[in-house]
Amino acid sequence: YTPHVDSSALSHGLQTNRYYQGVYRSNRDSYNDGYVSIRQGDDRVAVVVQGSSDVNRAVDGDIVAVELFSLDKWLGGEESSGVDRSKVEKLKQKGGNDNDGAGIAADTAEPTVKDIDNITEEVAVDEAGDLRRPTGKVVGIIRRNFHKNYCGSLCTIDDAAADAEEKSTHPHDIIAAKHEREHPDGITSTVVFFSVDPRVPPILLRTTQRERLVGMRILVSMDSWPADSEYPLGHYVKTLGVTGTKDTETQVLLQEFRIPCEPFPAKVLACLPPPDYKIELEPGRADLRHIPVLSIDPPGCKDIDDALHCTELPNGNWQVGVHIADVTHYVEAGSAIDLEAANRSTSTYLVNKRLDMLPSLLTTDLCSLKGNVDRFAFSVLWEVTPDADIVDVEFKKSIIHSIAALTYQQAQSLIDKPDEDCKDDIQVGAVKRLASLARKFRARRINAGALTLASPEVKFVLDSESLNPTDVQAYTLFEANAVVEEFMLLANVTVAKKILRHYPTLSILRRHPAPNRSMFDSLMRKAKTQRVSICIDDSKKLADSLDEAGRTFKDPYLDQLLRILSTRCMSPAQYFCSGEYQAKDWHHYGLAAPVYTHFTSPIRRYADVCVHRLLAAAIGVSPLPVFLSSKSYLHDLAANMNRRHRAAQLAGRASVQLHTLIFFSGGEDGNEGGGTKEEDAYVLDVETAENTEPSFTVMVPRYGIEGRVRLS
């Protein structure tokens, strides 16, 4: 590799704008291709870096210095797809080849500082008016991002192969054959480690344990990457287990996504109340145990965050209550258990296990709003007309007594009962009233532009002893799911408005930015081939265009598929502190809500714990913790919550993929599961680019499986 520029030359180059500092991000499926994200003012520019020589030993997450190539080497045509096309006109209006340098004078011109200013829009325009994407090479590493541990395996070489023709042509085997060797001492060997993450390059290890480590999942740490070494050097850390077993691969995914999975330390457990803790009415808490509250959750749910009620008032209106587990009663601000929860930020749900944010005494017992027991809650109470007009709202710390813990299917059976059969049934009356209101609230949200999106969810039937999957089924949604969702959304919006009135610069909110056109470019082009038009000018127009497309499809799954693909074109929602953004940027695009927060799941989300504290302070029942008055603390807190939330999502998806693989392989012992199946699939994408192996991506709805089929 080309040696990196020394520190003094690097510093001078950064000051003179010869080099630009940014974070290198590898492409999802290759460590040898990626981009460097450069900040220019309030904007970011993605400089494409391609090939091992230009990546020059950068590892995903490194802070690097990049040098731009001449403009004739910038990407254009199809290679610039993903660029926001609406920005071309803006650049053209800046003057093409004028003397200000706003346009690009010639393809072969060296990029200037003013050119860089222009590509803060992530594009430049050549003389023909075509979009160009900047490219460059890494010239230095400012700060390494070597993780402590990488998960993967050693490559096994087939030493018995008689000649080169019998040897494997798999890229891993070729790399291992080139670099693996025994040392003269006869004890140590250099071996090649391959991470399960394709963004991580192979790592060369020197070890005395080659035979013992082959066939195992191991952890490796990266130490250095000299210019004279094709791959980085590292060392063995520990063994996780035998490759391919469920327990080992689950450990791998937890390590890969940095999911905290250690037992809670003694200082955290010391914060818990005694196991025989008695829940009794206390001063300042409203006694709502006379109200028929009930919960609706998936089967087997043990960490029940929320419960609902809907009763008739003497004036003909209805009182609706959303009751949320009062976690902050047990988790003192700033305590060891609070700090642990803040670090973990979220519970992580895998197919075969749950990794809790809080100890189980709270999550599945004292805080869980189980049926037929008293529990502390934070309640939002509305007076609502039968036409779903909100008359009044109040917030109370409360004590409740749930009369039933229903599953979605059980709640649906109550919704479906004829009205005349259930006049005196308290549960049926409450659930049917809630369903009636939810339909009206939902219709208003959709009319305002809220999106109805989708994801390819599946559920597994697990063997009671081995916990191996015995069946995979598409996840069934009932109207009861939508009823619960509607009132959780209403509570979150209502609480967001309340805390903002009292803490306009300190509120923890959740924003969902509107997508730019570049994010939808590819999907819009593909949709046009099916005579489907997608409009993303605002969420209402997107929702309407998706609905219109759905009406044109003869196959109802195509409607869901289009919504799945649309979901993927959007940025994820994020937690943030209200003081960091202008009010116009608080908007939640997907929900068409000007303000939104998370209040309804404090057992499994730390953001909700913070919002409970903000709300408690807003209604005067407890003071706001000092650290929630620090904007810098809130900034760091939101960043950690976003990172942990994303990691938990990815770990959950990886667990689904793992269990799907186990199912189709017949279980860990080969005697369970599905084996080979034949199912309908839908084509999502076709790849026919020059110099690329033809292939297409398919989705199998029955199993929620997505994969690429390559054509020979």
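No value in this document is a laboratory result; all are computed from the given coordinates. Keep in mind it's a predicted model, so treat the numbers as computed, not measured. Heads up, the Cβs are rebuilt from the backbone with ideal geometry, glycines too, and the neighbour counts pull from every protein chain shown.
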Practice problem: Report, in debye and to the nearest 20, how large the dipole of segment 534-645 comes out about its Cα centre when Lys and Arg carry +1 and Asp and Glu carry -1 on their Cβ. | Solution: 360
Quiz prompt | Using θ = phi - 60° and Karplus 6.51 cos²θ - 1.76 cosθ + 1.60, couplings along segment 350-356 (whole Hz; Gly, Pro as x) | solution = 9, 4, 10, 6, 10, 9, 7
Quiz prompt | Cut-off under 5 Å, modelled amide H: who pairs with A592 long-range | solution = L451
Exercise. Give the long-range amide H neighbours of R702: residues separated by 5 or more places, or on another chain, with amide H under 5 Å away, using H modelled in the peptide plane at 1.01 Å from N.
Key: none
Quiz prompt | Helix 539-552 axis, angle to the chain major axis (alpha carbon atoms, nearest 10°) | solution = 90
Exercise. Compute the length gained on full extension between D29 and A227: take 0.36 nm times their separation in residues and subtract their Cα-Cα distance, giving the result in nm to one decimal.
Key: 68.9 nm
Quiz item: Taking θ as phi - 60°, what are the ³J(HN,Hα) couplings along segment 635-647 by the Karplus curve (6.51, -1.76, 1.60), each to the nearest whole Hz, with x for Gly and Pro?
Solution: 4, 5, 4, 4, 4, 5, 5, 5, 5, 5, 4, 5, 4
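Based on the mean of other beta carbon atoms within 10 Å per residue, what is the order of 259-270, 320-331, 357-368, 207-218, most packed first?
320-331, 357-368, 207-218, 259-270
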Quiz prompt | Per-residue Cβ neighbour rank within 10 angstrom, fewest leading, D680, D356 | solution = D680, D356
Practice problem: Obtain the nm distance between the two label points defined at R702 and D537 by a simple spin-label model: each point lies 7 Å from its Cα along the Cα-to-C-beta direction. | Solution: 4.3
Quiz item: Across segment 490-506, in residue order, what do the Karplus-derived ³J(HN,Hα) couplings come to in whole Hz, using 6.51 cos²θ - 1.76 cosθ + 1.60 with θ = phi - 60° and x for Gly and Pro?
Solution: 4, 5, 5, 5, 4, 5, 4, 4, 5, 5, 5, 4, 8, 9, x, 10, 10
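Averaging sequence separations of C-alpha pairs under 8 Å and six or more residues apart, then dividing by the length of the chain, give the relative contact order as a whole percent.
Reported as a whole number, the value is 11 percent.
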Self-check item: Sequence-distant residues sharing a close amide H with L240 (under 5 Å, placed H)
Solution: R217, I218, L219
Quiz item: What whole number of Å gives the distance from the Cα centroid of segment 259-278 to the Cα centroid of segment 415-474?
Solution: 34
Quiz item: What is the order of F478, F663, fewest Cβ neighbours within 10 Å to most?
Solution: F478, F663
Exercise. Using Cα centres only, tell me the gap between segment 288-355 and segment 612-637 in whole Å.
Key: 20
Quiz prompt | Hull volume in cubic angstrom per residue (convex hull over the Cα atoms of the chain) | solution = 211
Practice problem: Considering only lysines 8 or more places apart in sequence, or on different chains, count the pairs in segment 466-565 whose C-alpha atoms sit under 25 Å apart. | Solution: 9
Quiz item: Are any of the pairs K278/K423; K302/K440; K397/K417; K148/K370; K137/K246; K246/K432 more than 32 Å apart by Cα-Cα distance, and if so, which?
Solution: K278/K423; K397/K417; K148/K370; K137/K246; K246/K432
